[in-house]
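The values are calculated or read from the model by the stated rules, or taken from the named source; none is laboratory data. This one's a predicted model, so the numbers in the text were calculated from it and none came from an experiment. Every residue, glycine as well, gets a Cβ built from its backbone with ideal geometry; the counts of neighbours run over all protein chains shown. We work out accessible area using only protein heavy atoms, side chains counted, and drop any ligands, DNA or RNA first. Shrake-Rupley method; radii C 1.70, N 1.55, O 1.52, S 1.80 Å.
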Amino acid sequence: MEHELKELIKKCDIAIKQEDFDTLMNYYTDDAILVVKPGMIARGKEEIKKAFISIAKYFNNSLVPTQGEMIILEAGDTALVLSQTLLDAEKKESDFSMERRATYVFKKNSHGEWLCAIDNSYGTDLINK
């Protein structure tokens, strides 16, 4: 059986593709962080939403994220997701790889819903920057 987080991440990818950032923010904790790029972190839903709007603009509003292989390590109300994240866009030149080994941390809220607390599409590549 597929882990429910795989479906949730798929919904997030669709929201990013459709630039439906209001819906996307429903999948983040209030105090979440997003690694925008190495050395730049957005904190909280307001900053994260602004970051996604800027990222979409950077990719000429054509960004399509998908997930490849994924491993989910779950302990109680916390899950670490290791994922092959693939990015496609009309704009092909970028300072950063379009194929990444992402690390995401999800927490269950009081309603039992998974929410993203740490969104790091760069994974351990942050160590090398």
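Using the 1.4 Å probe convention, the accessible area of region 14-84 works out to 57 Å² per residue with neighbouring protein chains retained.
Rank these by accessible area, largest first, 1.4 Å probe: V35, V105. If you can, show how the numbers build up before the last one.
Details: V35 15, V105 35 Å².
From most accessible down to least: V105, V35.
Rounded to the nearest 20 debye, the dipole size of the chain about its Cα centre is 320 debye, using +1 on the Cβ of Lys and Arg and -1 on the Cβ of Asp and Glu.
Axis of helix 4-17 versus longest Cα principal axis of the chain: the two differ by about 30°, to the nearest ten degrees.
Across the chain, the relative contact order, built from alpha-carbon pairs under 8 Å that are at least six residues apart, equals 23 percent.
Element breakdown for the chain at a 1.4 angstrom probe: carbon and sulfur atoms account for 51% of the accessible area.
Only DSSP H runs of four or more residues enter the estimate; each adds -39500 (n - 2.57), and after division by the residues of the chain the mean residue ellipticity at 222 nm equals -8000 deg cm²/dmol.
Taken along the Cα-to-beta-carbon direction at a fixed 7 Å, the label points for D22 and L126 span 3.0 nm. Note on exposure: Y27, Y58, Y104 ranked by accessible area (1.4 Å probe, complete protein assembly) read Y58, Y27, Y104, with the most exposed listed first. Rolling a 1.4 Å probe over the protein chains gives M40 an accessible area of about 90 Å².
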